[in-house]
1. Can you pull out every residue in region 420-430 that is over 14 Å from R409 (Cα atoms) and either outside the structural domain of M339 (by TED's automatic domain parsing) or in contact (Cβ under 8 Å) with a residue 40 or more places away in the chain (or both)?
2. All but one of (1) of a type in the set (G, A, S); (2) surrounded by fewer than 20 Cβ atoms within 10 Å (Cβ to Cβ); (3) in a strand (DSSP E or B) hold for S637; which doesn't?
3. Are there strands (runs of 3 or more DSSP E) fully within region 562-614 with at least 3 residues that are over 30 Å from the mean Cα position of the chain (by Cα)? List them.
4. Look at D869 and say whether it is in contact with an Asp or Glu (Cβ under 8 Å, 6 or more places away or on another chain), under 30 Å from L945 (Cβ atoms) and at pLDDT below 65.
5. T405 passes all but one of (1) assigned to a loop (DSSP other than H, G, I, E, B); (2) touching a residue at least 24 places away in the same chain (Cβ under 8 Å); (3) of a type outside the set (A, V, I, L, M, F, W, C); which number fails?
6. With the requirement that a residue be surrounded by 20 or more Cβ atoms within 10 Å (Cβ to Cβ) and either aliphatic (A, V, I, L, M) or assigned to a strand (DSSP E or B) (or both), what does region 958-970 give you?
7. Look at region 456-486 and say how many of its residues are part of a loop (DSSP other than H, G, I, E, B), of a type in the set (G, A, S) and modelled with pLDDT under 95.
8. Hand me the list of strands (runs of 3 or more DSSP E) wholly inside region 252-355 holding 1 or more residues that are assigned by TED's automatic domain parsing to the domain that holds N416 and at pLDDT 90 or above.
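The values are calculated or read from the model by the stated rules, or taken from the named source; none is laboratory data. All figures in this text were calculated on a predicted structure; none of them were measured in a lab. Positions of Cβ are generated from backbone atoms using ideal geometry, with glycine treated the same way; all protein chains shown enter the neighbour counts.
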Amino acid sequence: MRFSKGQSILGVIIAMAIFALMASSIAKTSVGNISALNQGGEQSRAEALAIEAVESVRAIKDGAWNDLYSSTTIAFADYDWSFESSNVETIGDYTRTVEFADVCRDGSNVITTCPGTTTDLQAKKVTVTVAWEVRPGLNNSVVKEFYLTNWDSREWTQTDWSSGPGQSILSDLAAFYSADEFVDYSSTPGEIKIMELAGGEGCIAKSWDFDTAEEYTYTSSEISIASSKAYLNYTQSSNIESFGGSIIGSTDNYSNNAYYGSYYRNKLIHISGDIYAMVYNYGYYYYGGGYYGRIYVRTMEISPEGVIVRPNIRTTYIGYYYSYYGYKNLDVKYVGNNMYVVSAERFYYTQSSTRYLSLTTFTVSTDGSTITQKSYNSGVDSPSYDPYLEEISPGYFAVIYRYSTTQGRIRTFSVNSTTGAISYISLYSFDTVAGDYPYIKKTTGNQFLISYRGSGGTLQLKTINISNTGVIDTVNVQSYQLDSYVLYSKIEHVSGNIYAVVYSGPGVTGWVQTVSVDPTTGVISEPANNSLQIDATYLYNLDFAKITGTSYIVAYRGPDNDGFAKLVSINDDGSVGTVSDTYEFYTADVNFPSIVQLGNYYFGVMVNNGIGNTTYQKDLLFTFSAGYGVSYSSGISTIEPTISYTPSGFGSFVGFDEVSTKTNGGEIYYQLSDNNGSDWKYWDGSSWATTTLSTDYNTAEEVGLHISGFSTSTGPVSFKAYFDGDGTQNIELDKITLDCKEEFGYDYNDKTEYTYDKWKVDFRDGIVGVKPALTTSTAVWDFSTYSQYYYNSIYIDVSGGQARLVYLGLTDTITYDYTTSAEYLYDSEKIEFEEDMARLKHIGSPLGLISDSPIEKTILAGIPAYASDIVHVREDIYAYVYNLDNFSSGKRTVRIINKRISSDGVTISNDLGSYTLTVNSTATTEGDDRQEIGIVKLSDGYLALAYSSGSNTYVATVSVDVNGVFSYIASSVIYHYSPSDNAQNFSIAKVENATDIYVVSFDYLYQADTFYLKTIPISSTGVIGTIISSYTVATDNGPPYYSYAYRNPNIMYMSGDVYVLSYDWYSPYSWELGKTILRSFRVDATGNIYSMPSSAGIDSVSSSSLQNRNVSMVKLSDNYLALVYQDKDRNGWLKTYSVSA
């Protein structure tokens, strides 16, 4: 037999195939098991997340039912669950949502599909869903549904009571459980009240409101009933004929509060919507050995009803400044594209003849937040006086003014509405002899009407033609003398060819005259009845405007230099009516009013205050109202109820009151009837008597004083009201109320009529009282045994059955020694006995006691260092930031040094590390190197700083390691100002209601009228983001000169999104005003800065080189703060303020 030594190839192949099949099966089974395990783990994790949400919702519900939202996510913080606003929560690979739905019930109070019969307000259906992706395209989820009930709530929303009682399950919002016989729920649908007493209405206050005209008897041609009141009929004219009589809002600014301040013409203009601007001159201020003047623009928000919503949106100066020159007599016209042109008289500080005509263009954004100078013309025609502007055509203007002492001139010019560039076109002298106080008004086409003070002080009128491109026709000029004397005058268009001229005429009295101007030839004539004296005492300078229809307003400086406004009617044919009303809006010196109509019946007038005062003047703004002429029914008009009131079952009336409106002395009188109007009674001074005369009546106050004596038992009660007016009085009656007092007569003769406790209450001889006690127990204390009592034997003696005070004679003494501590009761933790003394225990240095000398000290910089600050960095490392003063080289070095300081102050290390942020090569004036640097700690080992270099403002971040070594992280330019300028006075603070957002404040050396707020994101590790929000804060009537207007800024968080900024405002080079300023502002959680709702100037000072300064503040609570500062006399002040939320 032969044996094989190996296997065939076929056998091997079969074996391998069998093994592959077995291995594949085993692998498939293993993978499936692993996949099942994974899916089971995912399912368990999802179940846990769902259960967590269920339990957290229940926990939140137990805390506050009203925290349940429609869809939300949950969060856990400070050991408590709460909801977040997001409706999807991502947890690793899972998403979780919590949804709430209303629970509806059917008529049997069983839960059913909504809407059902009722919605259960105290139940919610909750659905928790946890979803995840098993593999691409395949998702899985776990859903938990359950109900929550507010089972212990006592809250129920009752809409009305119309469904009545009998509801045991609260489902019908108009039904209730039960009511006894004393509750009335059916007499008035939707109302529930105590049942009226049987036999009448009882003691329930009766009121008559005037909702339904049919319930009253009156003459409809005299009285009307509407809008729940009865009132005299009236007719309204088409003219505004009366003022409101009171100031609605006011504000001011110091426009000329310095050396040789001027008190001349400024301008109030409308920008857009509710935005207006005051354009005013600043007079002079002193700086660096010279006197300078500026033109200022201050924007504000005023509602159409005259409410000054924001008195200072933005304030800045325009025009160029010249040494020893200022500006006055301003006029403003709109150019287009948000651009304006202002004319001014630039004059030398000695008020000499060195005066120039100056033109400046500027833009104002429609929201008033941005004011930008565009172009400036340095001045022509010296000397020039009193310029006024008028538009010729879009982009072309005429300016009229007096030149020298003898000429009246007109110049035309164009303004580029994009660049603001000014180009002169034509010049014409309209009067070569005299041309004082000129004014110009466009009439029609290319024709213009001029009024001015001519030769001999006469009021001269001229017409002149100017082409649309500014070319003046010097040939076709018409002249007309309107009066023999004039100072100031203004022109307003009336209708067609009719124009009105208001002026300060003979004797400096006020006049209005109308003229007719031929539109073709320019010939001037006077219509009939064209003249009216509007003030026979005094009218100096003025403004004049048409309101509507035939109504005009004149504002002027009047008697005693006070501010007056008059309403004048001027008819379309040129005939002048009357002065319908006069309003003295300011009882102090005013000059050059400027009027703007805010709304249909509301006005703003800007005046200059401070006549004759060469040190301080200011511009004032007032808002007030006027109304259409109204005439009312005159004489006596009556009204009474058609159905009388029938009271019974009470003792007396106790009150009679009216709710009414009565103006200008109008009155309402009353008569009462107690027999349904058969006769009427009044209080004759001693009793209620029957009337015999038509004037037998009383005021509501007189009736109320004596109503208690009026009959309550004779019959139905009614009243008759007499409206007594003279045609100018508004009389309205809204409500009359008649009050009563309930009185019940009870006797106690029959005890069976009462329910009482017979063991305690006794009826006897018509009197009810408490029964006398059946037994008496007495507690007796004698003092036979002293040990039974607590007392001080030094002062009290107990003996012989008595307790009495110990008698001490004049020579008796009581001596205490402290040799034995056991003889005293004391707190051994605080008191100790030693050497026959009892004293407080010594437990170390008293709290708050400052050591007499420093524990340790070290020099931080070898040359003068300014504007220093210190901040904790990490562990025992502190950073000191400062400016190194190297003024001689024109450089400013900002440096930070780290040192270790032990917690007991004993050890101060050498410098661990130092870092130089910037070298400023533009510090060319002393003081550039001494401005505050902003520094804030981001987190342990990370700092952010705010500072300047050249014209750039930076925020930079650095890190500090455990050894105190600095490392630069990042820096960012947050503002650039050109031309080169130095930012200064930095403060940086965290926005507390946001994450990793900081607010920076600073100002610029040569922009002394403003400072800036900016928010920027900075992470805890020093990564700087981009600017979120910027806000420019206008000056608080600050100095316009180049000086350090702001110092010591400090930003402090109050509550919500409210912050407070404090700073010093002062001038080290002048006697200008100085203040300590507080400003509040808002920063929301996203870093957006909102407008300053409030500011306060504290102890403003003048005439002193020691202004307020060195302000510091601290938060007391969410709405209160305290601050300290030094006043002008170097007194230290501590003050507290409230800050509303």
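1. Of everything in region 420-430, those that are over 14 Å from R409 (Cα atoms) and either outside the structural domain of M339 (by TED's automatic domain parsing) or in contact (Cβ under 8 Å) with a residue 40 or more places away in the chain (or both) turn out to be G420, A421, I422.
2. (2)
3. Result: 563-570, 576-586.
4. No: the conditions fail for D869.
5. (2)
6. Correct list: V958, V960, F966.
7. Summing the residues that are part of a loop (DSSP other than H, G, I, E, B), of a type in the set (G, A, S) and modelled with pLDDT under 95 in region 456-486 gives 1.
8. Working: elements: 267-272, 275-281, 285-287, 290-292, 295-302, 308-318, 325-336, 339-348.
Once the strands (runs of 3 or more DSSP E) in region 252-355 are filtered for at least 1 residues that are assigned by TED's automatic domain parsing to the domain that holds N416 and at pLDDT 90 or above, what remains is 267-272, 275-281, 295-302, 308-318, 325-336, 339-348.
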